[in-house]
1. Of the residues in the stretch B:74-83, how many are surrounded by fewer than 22 Cβ atoms within 10 Å (Cβ to Cβ) and either at the interface with chain A (Cβ under 7 Å from one of its Cβ atoms) or not hydrophobic (A, V, I, L, M, F, W, C) (or both)?
2. I'd like to know if the stretch B:396-417 contains one or more residues that are modelled with pLDDT of 85 or more, surrounded by 18 or more Cβ atoms within 10 Å (Cβ to Cβ), of a type in the set (S, T, N, Q) and in a helix (DSSP H, G or I).
3. Which of the residues that make up the stretch A:16-30 are without any contact (Cβ under 8 Å) to a residue 40 or more places away in the chain and either outside the structural domain of A:Gln83 (by TED's automatic domain parsing) or under 17 Å from A:Ala138 (Cβ atoms) (or both)?
4. Would you pick out the residues in the stretch B:407-448 that are under 16 Å from A:Thr199 (Cα atoms) and aromatic (Phe, Trp, Tyr)?
5. Could you check the stretch B:513-556 and list, in sequence order, the residues that are within 14 Å of chain A (Cβ to nearest Cβ) and basic (Lys, Arg)?
6. Could you list, in sequence order, all residues of the stretch A:489-525 that are within 11 Å of another protein chain (Cβ to nearest Cβ), in a helix (DSSP H, G or I) and under 25 Å from A:Leu380 (Cβ atoms)?
7. A:Thr507 - would you say it is buried (at least 21 other Cβ atoms within 10 Å of the Cβ), among the polar types (S, T, N, Q) and modelled with pLDDT under 90?
8. The conditions are (1) more than 23 Å from B:Pro331 (Cβ to Cβ); (2) facing another protein chain (nearest Cβ under 10 Å), and B:Glu495 fails exactly one of them. Which is it?
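The values are calculated or read from the model by the stated rules, or taken from the named source; none is laboratory data. These numbers come from a predicted model, not from an experiment. A quick note on method: Cβ atoms are made from the backbone with ideal geometry, for glycine too, and the neighbour counts reach across all protein chains shown.
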Amino acid sequence: MDPLRPQAFAQKRRMFFLILFTILLGTALILQAYFLVKIVDEAFLQAASFEELTPLFAGLAAAFFLRVLLNVGSGRLGTSMAQHVKKTYHKQLLSHFAKQSRLQADKGQTGEKASLLLDAGDELDPYFHDYIPKLLQAGIIPVLLLLAVFSQNLYSGLILLITAPFIPIAMAVVGTKTKKKSDEKLKELSAFSGRFLDTLQGLLTLKVYGRAHEQTALIRSSSLNFSHATMDVLKVAFLSTLILELISMLGMGILAIEVGLRLAIFDQLSFFTAFFVLILAPEFYNALKNYGTAFHTSRTSLAAAEKIEEELAGNEQGPSWGARALSSQDMPPALTFRNAGLSLNEEEPLLKHINAEIAPKSNVAVVGRSGAGKSLLLDLAAGLVEPTAGELLVNEQPLSDYSESDWFQHISYLSQHPVLFSGTIAANIALGATAEASRAQIEEAAEQAGLFPLVEELEDGLDTVIGEGGRGLSGGEKQRIALARVFLKRPAIILFDEPTVGLDVRTERLLQTAITNLSREATLITAAHRLHTINQADQILVLKNGELEATGSHEELKQTSSEYRQLVHHQKGGA
Amino acid sequence: MQDLITVTKILLRERKDVWLSIVFGSLAGLAAVGLFASSGYLISEAALTPPLYTLTLMIVLIEVFGVSRAGTRYVERLVSHRATFKMLANVRTYFYERLVPKAATLTSSHRSGELLARVVGDVETLQHFFLRVLYPPLVMAAVFICTLLFSAYFSPWIALILVAGLLVSGFVLPGLFALSKQREAARLREIRGQLGAETTEYLSGFRDLKIHQQLEKKEAQVLERSYDYMEKQAKETKRRIFQDGVQALAANLVTWLVVLSGAYLVITGDLHGVYLAMLVMISIMVFETAVPMATFANYSEESWHAASRLFSVAGNDAGESSPAAEKVTEPFKKAPAISAEQVAYTFAAEPRPAIRDVSVQLPAGSKTAVVGPSGSGKSVLLHVLAGVYPAEQGKVDYDDIPLAAIAEDARWASMNMVLQANHFFYGTIRDNLRIANEKASPEEMLQALRNVQLEHMSLSAEVQEKGANLSGGEKQRLALARTFLKKAPLWLLDEPFSSLDSWTTRQLKTELFTKAAGGTLLLVSHSLTGLEEMDQILVMEAGKVVEAGHYDALIAKKGYFYELKAIEDEIVL
């Protein structure tokens, strides 16, 4: 139900101090009331001299001070608790994302994930520094105050005892009734601001069609309509507060009358007792009411925590690795897919029954319609995901037996949409280096990848800082930076997702010669889209709906595979 | 500051509700003080064996104060929230109106999604401005002034202490805290931004980081940054808690001083003892109205930040720029000739221009295609010709009239535009088609749907926000259907077929050329097939037009276009 409470109570030392602070806080409240009342009593009725009161003033000051100190202390303890929980969550989330990242990255959820990570941090705080202390206070302080009141005056104690339960009862009754309704409203509210966002995003379209200004009235009227609906819900919420206030106000009123009458008419009480009770009563009700408010704020934190828990609940397993070394002599290795398959969350497998032998330094083309599983097969071959069925053998041994770092030292992956990191161009190229790369090596790689015209155009050359995702660079330039990484690495296995559209002629040519040169000493596995590439391949894997439909050379497949014939002789048509 | 003043002005349009909120808020505060004061007085009186009617009167007073406290609080909440909602509607429409002229830059920048989401969020943040920033000090001041006048009657000294207390805990401390919060919050936001960027990079760059064995390093980096952020955040929270403590201490100090001086005055005989408990109770309660001021620092900083961000997007200048004297205000009836000379455009914060030295001529009624690799500036050229992006250099003319001399509305009315991202609104297909032509009959709309091969679609079918329930191809076809309904003589189409299969593309292209027969047409296309019928093809690379001419001429030339075409022909799947 509440994923955060156990995490608070698990921090035993902090929790101990929080409880201690709360008990002390209750004591400080009682002391404060005692000194206050004593001073007034002494000055008003006992005709004490000012000097006699001095210790009482000191005591009152101390009680005031202690009270503030304890409140601040509790808040700080709560904040430290929150920080501890947030750190744990961040760590878990990051490693969780890393495990599932490969399969989810293409689904464009990175923004959502990043905001989960950040918002979690922002929204968990109030639960610990506000709600938990208030929860403890609501449990402990009224009891202490009741004891104090009972020790002085039985009837006042009874009045408090009888009226107190009405507060939680009212909160519970109104709370459950409004909660559902207000939750619905909150959802509508976000949907509503979503609609405002919708209009803003369509502003250019609206403008082109000359409709921008008539939307103003629409925004206004829908805004107001929405507020009417919300006000209805709020009214109920305010009504609940009204009831709470009435209960506590009436409780205090009754108490005042009780002590007033018994003091004046029946002469059963001293002024001290009456005033003491009167001062403690609001503190008593406040402790209960504050819990209600804190409870409300805790909902936001809980919602955030539930989102995180939900995300973490999806069990993701990254590939496993062993300790077997891979030396350069073993490279490029022979790769064998033995009945390999891949499925996600027990859904229909994305890849199944893949059987293929890839000889060292061979040139393999993977073909298939979009969604047939080409890039997943490349990911499997790269060791980015582990087969969930069957296995991938590297030099006759399962890939999972080898050391992860040894393996990746020999892999390069050239995708259609290369990822660039914010930093200098040189740093982006250096990412490809297996050891620390010298400036000369980086420059050489840049030259081989045809980056010089770009570099010369830029004032800072290779040290030009590029923004997130390589903003401001053309598709071809990004591709060339990624290519420079490969030149720096000189891998034994190259995975290449062949570009389909949008590169300039120069980059196209560069890419072709570069891939040919690089693949002389390496195994090349291409997700192929071009006739030329397919013709050049030693072996072609034809994928259809996640299964290997056929393998062979171009000439063989033309004879044996109908899917291949359809794919390759597919008429493009004069679009 | 100027920004918040403008926001306040918008808020004050709901004058009645504002006044009611303040009145009831003050009444609620006073009732609470009254309740405390009268109960303090009651027991003091009671201790002195007073006449019974005094007691009865006090008891009635206590009950009246108690009930009216709860009642006025309820009304206050209702009125102030109603006011807030109305203000939110006003703020929303205000900013919407200001954003309309900036539509192009808003929706076309790299981070437009983020920017617009921020605008919506900031508008929402401003709803706290009235409830938590503007209004608590006013209520507090009203309650304090009444209380002060009341206590001054009994003891000017105690009233003086309360004044000092009000100034310190109600104004000086919140003001100081708001200033420090402003500094800290800016720093915290900066770290948050960096953390967000690094996290996104970590997630989207996963594959490359993994293969290059940098994943763990990056993860450690992100984690370190996130811990740093959390440290700072915790420090900030702790500081806020400390500030709350300081404020509480100040209020307590005032009560202490009231007790001290009250007792002294009673002992010296300057104050009747029966009022002492009452004054003490007043001083305890009156600072309760200062409690909302504790959040003042937080919310005032947030509002200030939200307002300044909003105005930095929307601009806070007094009025719209006045239209130039001689403007063409009538839309073009006949297809215009368009010419651009030496135009350039650079996106904000980018080192290189997106297009430069581009000169093109589109004769009236001609058909032109723009092709080239991604990032070569095709789409930017279209936006510059449409006047969506202002040309930095050179000039764009429609029928020899400078673009600036054509009224914006007339320009839009002359144009059939299909963008790369066409927007669809929450509503029905009919609603989304109607924006193109209000007078279009259902038959015409259905005909337009048939023309774009969407005859299976019903006019009353629902469209979700941003057309989320439509496929990319459906959106492109609907966008085209809109232009068919609008019937303007200038066609500017930015990759209108990119999500369609080749068969549908061919059909729609035929339909398009029938409809646009007499019009001037510019078609940005990533595909090089089917361009034979165009009057001219502009080939762009790196922001420049590198080749121009008819298809046959370009092929015969064996230049850049020829090579691009050869590459495209190689692609089989």
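1. 4
2. Checked the stretch B:396-417: no residue is modelled with pLDDT of 85 or more, surrounded by 18 or more Cβ atoms within 10 Å (Cβ to Cβ), of a type in the set (S, T, N, Q) and in a helix (DSSP H, G or I).
3. A:Leu20
4. Result: B:Phe424, B:Phe425, B:Tyr426.
5. B:Lys544
6. Correct list: A:Lys489, A:Leu511.
7. yes
8. Single failed check for B:Glu495: (2).
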